Amino acid sequence: FERSEAETYVAEQRPVELDLAKSTVRRAVMVGPIVGVLAAIFRGWDGAWSAALGVAIVVGFYLITGVFLAKAARIAFAAYYAAALFGFIVRLGLIAATMYLLASILPVDRVVLGVSVVVAYLALLILEAKALAGERRGDHV
């Protein structure tokens, strides 16, 4: 198949998706301790441990997403769109499977694990969206 000019241009550029994933991981350094402390306050050591695992799962999710989308963008736009849509569903399934596996082999607080995954995912998504919106306006968040 033959690439369009836009697809060739994108394939030659730095993978923006990886930069976004790395930026999100840096923000996890701020979000993770907050989630962990809150879990420790309400559920003790087991809660803190479970929250740390939940944040780690989310960080892994964002890194896998960045790699997956960066590779797909270099193939073709159609591959990128498919990776974004169907890959999201697959990665959510992987998160659920990872949580299930960890909960079955490690002594974790399942409620805290689930809540921390959702909270960390949304908090990191919102922080990254705010940062990107600020960069477009010229503000640096």
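The values are calculated or read from the model by the stated rules, or taken from the named source; none is laboratory data. Nothing here was measured: the structure is a model prediction, and the numbers come from that model. Quick reminder, even Gly has a Cβ in these numbers, built from the backbone with ideal geometry, and neighbours come from all protein chains shown. Keep in mind that these areas ignore ligands, DNA and RNA; they rest on the heavy atoms of the full protein, side chains included. Shrake-Rupley method; radii C 1.70, N 1.55, O 1.52, S 1.80 Å.
A few points about this structure:
- For the chain, the relative contact order is 33 percent, taking Cα pairs closer than 8 Å that sit 6 or more residues apart in sequence and dividing their mean separation by the residue count.
- Here r is the Cβ-Cβ distance between residue 82 and residue 132 and R0 is 25 Å; the resulting FRET efficiency, rounded to 0.05, is 0.60.
- Measuring nothing but how far apart in sequence close Cα pairs (under 8 Å, 6+ apart) lie, relative to its length, region 1-69 scores a relative contact order of 40 percent.
- Expressed as a whole percent, the accessible surface of the chain that belongs to carbon and sulfur atoms is 72, based on a 1.4 Å probe.
- Over the chain: helical MRE at 222 nm, DSSP H runs n ≥ 4 each giving -39500 (n - 2.57), nearest 500: -32000 deg cm²/dmol
- Per residue accessible area of the chain, 1.4 Å probe, in Å²: 63
- Computed FRET value (nearest 0.05) for residue 101 with residue 11, which takes r as the C-beta separation and R₀ as 30 Å: 0.25
- Answer label, with semi-axes √(5λ) of the Cα gyration tensor in Å calculated from the coordinates and candidates (1) 43, 21, 12; (2) 32, 19, 9; (3) 22, 18, 15: (2)
- Distance from region 52-82 to region 86-108 (C-alpha centre basis), Å: 16
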